[in-house]
1. Does anything in the range 157-183 have its amide N under 16 Å from the 7 Å Cα→Cβ label point of LEU214, and if so which residues?
2. Based on the mean of other Cβ atoms within 10 Å per residue, sort peptides 106-115, 37-46 so the most packed one is first.
3. If Rh is defined by the Kirkwood formula over all Cα pairs and Rg also comes from Cα, what ratio Rg/Rh do you get for the range 33-223?
4. Sorted by mean Cβ packing within 10 Å, highest first, what order do the peptides 196-209, 124-137 take?
5. From the backbone phi of the range 55-67, what are the Karplus-calculated ³J(HN,Hα) couplings (6.51 cos²θ - 1.76 cosθ + 1.60, θ = phi - 60°) in whole Hz, Gly and Pro given as x?
6. Tell me which residues come under 5 Å, amide H to amide H, from PHE74 once H is placed; ignore anything under 5 positions away on its chain.
7. Go through the range 97-114 residue by residue and turn each phi into a ³J(HN,Hα) via Karplus (6.51, -1.76, 1.60, θ = phi - 60°); whole Hz please, and just put x for glycine and proline.
8. Provide the per-residue ³J(HN,Hα) series for the range 167-181, in order, calculated from phi with Karplus coefficients 6.51, -1.76, 1.60 and θ = phi - 60°, each as a whole number of Hz, with x at glycine and proline positions.
Amino acid sequence: MANDLQATKVLVYNRLNTFYKRKIEMSLTLAPRLTIVDRVIPRSLAADIALIASGAILTAVAAQLVIPASPVPFTFQTLSVLLVGAALGSIRGSLSMLLYATLGVVGLPVFAPLADGSHATGLQAVMGATFGFVIGFIAAAFVIGYLAERTWSSHSVKMFVSYAVGSLVIYIFGVPVLAAVATGGDLISAATIMAPYLIWDAVKAVAAAALFPLAWLGVKKLKG
């Protein structure tokens, strides 16, 4: 009787052990894939903080590379948003853009310069015609990062599509604010102002679609 009970316990234990092993394996299979930086830099809190700060700095630098236009200048900000989101993933990418926005709001000259070369900061930036796009950066980085965690950044076509989706997210946030501030609430006029930027965005999308998969190939060869 005691032997039968012991055998039953062992059988139950083995079945439960097998069940939980399969659950763990399934969880690992369904978990989001690592982004490209995770193939190079080991995950840690310190590394995540450094990467988030680096993404914000990269975007601040990209914002200073300007082709003057009114009311919205041509900059490399959106390309930076794409790269940061795709490289860092949804959470770290969006936090990096949140940090970037916060730095500008508290007074640092990180946003694209105005027509006279000065920088809008604080309340002036928040109330400006382009701040909706800055908010859109946060959402776009999350979306692009989410797609990158599902290997979209390693395929040229998918990378191009992810950039197009990210750009659309930025416009969804940016155009209404631009309309409210610069065109008296006329969304059609605001959309017309932004139409020339679609060509510029397409060029940046092609560049990203070409470069990021190449970076993946380089990392895979480096790591074997």
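1. Those under the cut-off are 157, 159-160.
2. Details: 106-115: 17.0, 37-46: 11.4.
Those peptides, ordered most packed to least, come out 106-115, 37-46.
3. Here the Rg-to-Rh quotient is 0.98.
4. So the order, starting with the most tightly packed, is 124-137, 196-209.
5. After applying 6.51 cos²θ - 1.76 cosθ + 1.60, I find x, 5, 5, 4, 5, 4, 5, 4, 5, 8, 8, 10, 10 Hz.
6. Residues meeting the amide H criterion: ILE67, ALA69.
7. 3J(HN,Hα) across the range 97-114, in whole Hz: 6, 5, 4, 4, 4, 5, 4, x, 5, 7, x, 7, x, 9, 7, 4, x, 6.
8. Rounded to whole hertz, the list is 5, 4, 4, 4, 5, 4, 7, x, 5, x, 5, 4, 5, 5, 8.
Where a number appears in this text, it was derived from the coordinates with a stated rule and is not lab data. None of these values were measured; they are calculated from a predicted model. Every residue, glycine among them, receives a Cβ derived from its backbone with ideal geometry; neighbour counts consider all protein chains shown.
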